[in-house]
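Engineer: Let me begin by handing over the structure; questions about it come next.
The numbers here are math on the coordinates, done by the rules we state, and not lab data. In this text, all values refer to a predicted model and were calculated from it rather than measured experimentally. Every residue, glycine as well, gets a Cβ built from its backbone with ideal geometry; the counts of neighbours run over all protein chains shown.
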Amino acid sequence: MAQQDSLAVGAGVKRLFRIRRMLMERLGIPLMLFPLMAIILALFVGSGVFVIGQSLGYLPVIGLYDFNLDAYKSILQNEEFWWGALVSFHIAFTSTIISTALAIICALTLRETFFGREVISFLFQLSLSIPHMVVALAVLLLTTQAGLMARIAYALGLTDDISQFPQLVFDRYSIGIILVYVLKEVPFMGIIILAILQGVGREHEETATTLGASRWQRFRHVILPLIAPGTLSAFIIVFAYVFGAFEIPYLLGRTDPAALPVVGFRYYLDVDLNARSEAMTLNVFILFIILVITGFYMRITRLYIRKDV
Amino acid sequence: MFGLSIRFWRNAVIVGIVASAVLPMIPMIVWCFSSGWYFPNLIPEEWSIRGWVYITEPYSRAFPALLNSLLIAGAVTLIAFPIGIPAARALGLYKFRGKRIVEYLILAPLIVPELPMAIGIHILFIKYGLANTLFGVMIIHLILVVPYVVLVLAGVFANYGPETEQSARTLGASPLRVFFYVTLPAIFPGMVVGGLFAFIRSWRTYVFTLIIGGGVVETLPLVVFSFIGEGDNHVSAVLSVLFIAPAILMLLFTARYLTGEKGRGGFMGI
C-alpha cells in the first residue's frame, strides 16, 4: 500500500517535471529576457517616446495634452539650430574621415611583425582606455596659445608673442575638438581594422602578388574590399558617437556657433518653457540623424561595440 | 612612395603612434605636480602637491564625488549581473524568433547619445522622485552598463555546454545549487571581464549623471569637467589621473588575464 503510494507520487513528480520542462521551453526564453527588456523598453524606448512626445507638446503622463508642431516650426527658423547642425556635422564628418584613413594606415603597419609590436599595441589600447574628457584636457594643455606647443614655438623663435601662435581651441574650425576625436578614434578603429585584417589572412594578397599586382593595386583591389564592411560599421559608430556627444564641444568649442548637442543642452536648462520644447525638438533631430545612420549599420551583420565610451 | 622605402614609412607610422600616445600626456603629468607654470617657461616655476592633498580632504568637492563614483559604479555593476546573466544565457545558448531585434535593442543604447535619452526620461524621474538622487542615477546608468555585461557573457554562453547542468540536476542538485556550483564557476572569467567593462562604463558616465543627478549627485567626471572648465590646470590634471586609474588598472589586469588563448583585444569583436 505504502509502496503503491510512493509509486503514484513518483509518477506525479515525473509529470510535474515534464510540465515544467515544457513550460521552460515555452516561457523560459522570454522569462530570461524579461528583466533586460523591461529596462531597455522603460528607459531607452521610453526616453525616445518622451522626447518626441514633449517636442509635440503631447505627453499625458505629465499632463501635456496640446498636440502641435509649434516647436518644430520655431526650431526650423532658428539660426542657432542650423549653425549647430552644420558645426556638428563638420566635426563628426571631418574627425571620422581623418580617423578612418589614419586607422587603416596604422592597422596595416601594426599587422607586420617587427620588434616592439607588443608595446605599440599596448599603447594603442592605452589611448583607448583614456576617457574623452581627459584627452580634451591633454589637448588643452598642449595646444592653447599658452600651451606647451606654443611655448616650444616661442623657445625656438618661431613666434615672438603669445598671440602669434594659431588658435587651435575655441576656434572657428573646431580643430581642437577634431584633434581630441582623432586621438581617441584612431586606436578604436585601428583595433577593429587590425582584427579584420588578421581574420582574413594573407592568401588573397599573396595570390595578387603572384599575378603581378603592385603594392597599390593590392591595397585598392584586395585589402580595401575585404576590410570595407567592418570599417564602414566602425565609421558609422564613430560618426554617430561624435555627432551626438556633448562634452568635448562644450569644453573646447566656441559658444557661438556651438555644436548641436551643446545648443540642445543650453535650451534644456533655459527657464523659458518654449526653449524646453525646442530642446526636445532639437534632440529629436539628433535622434533622427543617428537613426538614419544606424539604419545602414543594422544591415551590416558583424557588430562591434565600443569598449571605451 | 615619394622615393622613400616602405620601411621608412612603416617606421614613421610607428613613431607617430608612439608620439600621439605619449606626447599629449606629458604636459598633463607635469601639471600634476605644479601649480604655477606660466608662458613662456618650458619648466614650471612652482612645484606643488596641493591637488593631491585636495582630493583626500573630506570636505573638498573631489572626495565625496570619488565616493559617489565608487558607490554608483559598484552598485550598478552588481545589479547588472542578475539582469544580464539570464538574458546573456538566452542569447548565447538559444535560437529564437525575434533574436535579432533583441540584439539590436541591446546595442542601441550604446550608439544613441546620452543627451536625448537623458532629457527625454528626466521628466519621469522628476515625477517619481528619482531625479537628484543616488538611486535615480544608478537606475539610469543601468541602461548603458547592462548591454556590456550581456554582450560579454552572451559570448561566453555561446561556447558553454549546458549538459553538465543537466547531469548535476539528475544527481539531485537543486537548481540554485546547480547555478552556484556548475554555471557560476564556468562563466566566472566572463563575469570578471564584463563586470570590469560595466564598472568603467558607469565610472566615466557624464551626461546621465549631470541631468538625472541634477548637480546634487556629484561624481568624479562631473568634478573633473568643472575643474577643466574653470581652467584650474593643476587640480584638473590630478583629478584626471584619478579618473583614468581604473581603466588603466583594468587594461593591465585584462592584458594578463586574457593572454593565453585570446590575447589582448579579444573582446572587441563580440
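Engineer: Post the alpha-carbon centroid distance, region B:147-222 to region B:49-125, in whole angstrom.
Structural biologist: A separation of 12 Å, based on Cα centres.
Engineer: Once both axes come from the Cα atoms, what is the angle between helix A:46-55 and the longest principal axis of chain A, in degrees from 0 to 90, rounded to 10?
Structural biologist: 60 degrees
Engineer: Compute the acute angle (0 to 90°) between the alpha-carbon long axis of helix B:220-230 and the principal axis of greatest extent of the alpha-carbon atoms of chain B; round to the nearest 10°.
Structural biologist: Taking the Cα atoms of chain B, the angle to B:220-230 is about 20 degrees.
Engineer: Here is a further query. Counting helices only, and only those DSSP H runs with n ≥ 4, report the 222 nm mean residue ellipticity of chain A as the sum of -39,500 (n - 2.57) divided by its residues, in deg cm²/dmol to the nearest 500.
Structural biologist: Numbers: 14 runs with 221 residues, N = 309.
The per-residue figure over chain A is -23500 deg cm²/dmol.
Engineer: Still on this structure, I have one more. Quick one: A:GLU247, A:GLU203, fewest Cβ neighbours within 10 Å first, how do they rank? Provide the component values of the computation, followed by the final result.
Structural biologist: Details: A:GLU247 23, A:GLU203 8.
Least to most surrounded, the residues fall as A:GLU203, A:GLU247.
Engineer: Also, quick follow-up: Excluding same-chain pairs closer than 8 in sequence, count the lysine pairs in the protein assembly as shown whose Cα atoms lie under 30 Å apart.
Structural biologist: 9
Engineer: Based on other C-beta atoms within 10 Å, arrange A:SER88, B:SER174 from fewest to most.
Structural biologist: Values: A:SER88 27, B:SER174 10.
In increasing order of surrounding Cβ atoms, one gets B:SER174, A:SER88.
Engineer: Now for a different question. If R0 is 45 Å, what FRET efficiency do you get for B:PHE253 and A:LEU69 from their C-beta distance, rounded to 0.05?
Structural biologist: The computed FRET efficiency comes out at 0.30.
Engineer: Using the C-alpha gyration tensor of chain A, what are the square roots of 5 times its eigenvalues, in whole angstrom, with the largest one first? Provide the component values of the computation, followed by the final result.
Structural biologist: Working: eigenvalues 416, 257, 73 Å².
Values for chain A, descending: 46, 36, 19 Å.
Engineer: Here's another thing I want to ask about it. Specify the residue with the greatest mean-square fluctuation among A:THR94, A:THR281, A:THR207, computed from a Gaussian network of chain A linking alpha-carbon atoms under 10 Å apart.
Structural biologist: A:THR207
Engineer: Would you mind pulling out the separation of the Cα centroids of region A:241-271 and region A:108-159, in Å?
Structural biologist: 25 Å
Engineer: With charges only on Cβ, +1 for K and R and -1 for D and E, what is the dipole size of the protein assembly as shown about its Cα centre, in debye, rounded to 20?
Structural biologist: In debye, rounded to 20, the protein assembly as shown gives about 2460.
Engineer: Next up: Over the protein assembly as shown, what lengths in whole Å, largest first, do the semi-axes of the equivalent ellipsoid take, defined as the square roots of 5 times the eigenvalues of the alpha-carbon gyration tensor?
Structural biologist: Working through the eigenvalues yields semi-axes of 43, 32, 25 Å.
Engineer: Could you compute the FRET efficiency for A:ARG202 and A:LEU232, with r as their C-beta to C-beta distance and R0 at 25 Å, rounded to 0.05?
Structural biologist: 0.70
Engineer: Have a look at A:LEU140, A:LEU33, A:LEU232 and tell me which one the Gaussian network model of chain A (Cα, springs below 10 Å) gives the largest fluctuation.
Structural biologist: A:LEU33
Engineer: Can you compute the charge dipole magnitude of chain A about its Cα centre, using +1 on each Lys and Arg Cβ and -1 on each Asp and Glu Cβ, nothing else charged? Give it in debye, rounded to the nearest 20.
Structural biologist: 1480 debye
Engineer: Using Cα springs under 10 Å in a Gaussian network model of chain A, which residue among A:ARG215, A:ARG111, A:ARG172 shows the largest mean-square fluctuation?
Structural biologist: Comparing A:ARG215, A:ARG111, A:ARG172 in the GNM, the peak value goes to A:ARG215.
Engineer: For a Förster distance of 45 Å, can you work out the FRET efficiency between the beta-carbons of A:HIS221 and A:SER163, rounded to the nearest 0.05?
Structural biologist: Efficiency, rounded to the nearest 0.05: 0.35.
Engineer: Which value in Å does the Kirkwood hydrodynamic radius of region B:6-50 take, with 1/r averaged over all unlike C-alpha pairs and then inverted?
Structural biologist: 12.5 Å
Engineer: Taking 0.36 nm per residue of sequence separation and subtracting the Cα-Cα distance, how much length would be gained by fully extending the chain between A:VAL45 and A:ASN78, in nm to one decimal?
Structural biologist: 9.1 nm
Engineer: Before rounding to the nearest 500, sum -39500 (n - 2.57) across all DSSP H runs of length at least 4 in chain B and divide by the residue total; then give [θ] at 222 nm in deg cm²/dmol.
Structural biologist: Helix contribution divided over all residues of chain B: -23000 deg cm²/dmol.
Engineer: Rounded to the nearest 10 degrees, what's the angle between the helix B:62-93 long axis and the longest principal axis of chain B, both from Cα atoms, 0 to 90?
Structural biologist: Value to nearest ten degrees: 30.
Engineer: Here's something else I'd like to know. Name the shape class, rounded, prolate or oblate, that the alpha-carbon gyration tensor gives for region B:61-269, where a ≥ b ≥ c are the square roots of its eigenvalues, rounded holds for a/c under 1.5, and otherwise prolate holds if a/b is larger than b/c and oblate otherwise.
Structural biologist: Numbers: a/c = 2.20, a/b = 1.65, b/c = 1.34.
Prolate shape, in that a/c is at least 1.5 and a/b is the bigger ratio.
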